[in-house]
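Written out below as structure tokens is the structure these notes cover.
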């Protein structure tokens, strides 16, 4: 698989072995910007990395026979956290929303790592015969 397949095109399937390698790449890029790059630029790049992460997880969910619409929950929490941190100074709920985003995202990552692939004919959305 190539870059476009793994990180840009949400249609299709990504098996567990390829998911692990691609996930390490996204997490390494995120860690680089989180720990080594200061300021607002780091925050925007981290938010931008959300797109390839969602695409990667959508492809993995398709491979597991699940709908990618499930990703609305962790993506929504991450975007809400980013909105609170970037645009609402002193918001009281920042910590709880951030904790919820981290926990839900971690659950999806673990699910992608341990979930079993489904045969191609058992996919979600398969036309009825």
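The values are calculated or read from the model by the stated rules, or taken from the named source; none is laboratory data. All of these numbers come straight from a predicted model, not from anything done at the bench. Quick reminder, even Gly has a Cβ in these numbers, built from the backbone with ideal geometry, and neighbours come from all protein chains shown.
Observations, loosely collected:
- Hits in region 61-83 - residues which are more than 12 Å from the chain's Cα centre (by Cα), touching a residue at least 12 places away in the same chain (Cβ under 8 Å) and part of a helix (DSSP H, G or I): 62, 63, 80, 81, 82
- Subset tally (residues that are loosely packed, with under 15 Cβ neighbours inside 10 Å and under 15 Å from residue 8 (Cα atoms)) for region 35-56: 2
- Among (1) touching a residue at least 24 places away in the same chain (Cβ under 8 Å); (2) farther than 27 Å from residue 21 by Cα; (3) outside any helix (DSSP H, G or I) - the single one residue 86 does not satisfy: (3)
- Boolean, residue 28 is in a helix (DSSP H, G or I), surrounded by 15 or more Cβ atoms within 10 Å (Cβ to Cβ), under 14 Å from the mean Cα position of the chain (by Cα) and at pLDDT 90 or above: no
- Residues being under 16 Å from residue 105 (Cα atoms) and crowded, with 18+ Cβ neighbours inside 10 Å - total across region 57-73: 6
- Residue that is modelled with the lowest pLDDT, among those in region 89-129 that are over 16 Å from residue 66 (Cα atoms), in contact with a helix residue (DSSP H, G or I) (Cβ under 8 Å, 6 or more places away or on another chain) and part of a loop (DSSP other than H, G, I, E, B): 91
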